[in-house]
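Below you'll find the structure, written out as structure tokens, and then a few comments.
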Amino acid sequence: QVQLVESGGGLVQAWGSLRLSCAASGGTFRNYAMGWFRQAPGKEREFVATINWSGGSTMYADSVKGRSIISRDNAKNTVYLQMNSLKPEDTAVYYCSGDRYYGGQSTNQYAYWGQGTQVTVSS
């Protein structure tokens, strides 16, 4: 069973940057595609980005494309989400996710989830 633990969230001013981390344990990390989702109050959880097992393929939601970079370090069993030029509408709980198959942009395509980390962007 894979366990995922996010960190790096916090309060940041608009146009600032944050780097989220997600540490994995309990499985062979390089076997899994990883993703980031977010959920704002009163809204459904939405796709942010995903990365394949090697880091050679990535996909982004249009809302973060050009402002965010997903990466992974398989030696450290960690996936990252670098977020730049943050906007108040980026405020949400950010969740790390994992699955054996790459390319999923829906929550039901991921088997493993972290507990989330809060990101708040002030205007």
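Structure notes:
- Per principal axis, descending, Cα span of segment 31-98 in whole Å: 35, 21, 18
- Geometric extent, Cα atoms of segment 1-59 - Rg, Dmax (angstrom): 13.5, 38
- Calculated translational diffusion coefficient of segment 66-123 (4 °C, 1.567 mPa s; Stokes-Einstein with Kirkwood radius over alpha-carbon pairs) equals 99 µm²/s.
- Separation of the Thr58 and Asn108 label points, Cα + 7 Å toward Cβ, nm: 2.9 nm
- Considering the chain at the alpha-carbon level, its Rg and Dmax are found to be 13.2, 40 Å.
- Mean Cβ neighbour count within 10 Å, used as a protection proxy, ranking 61-71, 83-93 highest first: 83-93, 61-71
- The residues of segment 59-111 expose, per residue, 50 Å² of accessible area to a 1.4 Å probe.
- Within the accessible surface of the chain, defined with a 1.4 Å probe on protein heavy atoms only, the carbon and sulfur portion equals 46 percent.
- Placing a label point 7 Å from the Cα of Gln13 along the Cα-to-Cβ direction, the residues of segment 84-102 with a backbone N closer than 15 Å are 85-88.
- Eligible lysines near Lys87 by straight Cα distance, threshold 28 Å, same-chain separation 8 or greater: Lys43, Lys65
The values are calculated or read from the model by the stated rules, or taken from the named source; none is laboratory data. On a predicted model such as this, the values are computed, not experimentally measured, just so you know. For neighbour counting, all protein chains shown are included, and Cβ atoms are generated from backbone atoms with ideal geometry for every residue, glycine included. For accessibility, only protein heavy atoms count, side chains too; no ligands or nucleic acids. Shrake-Rupley method; radii C 1.70, N 1.55, O 1.52, S 1.80 Å.
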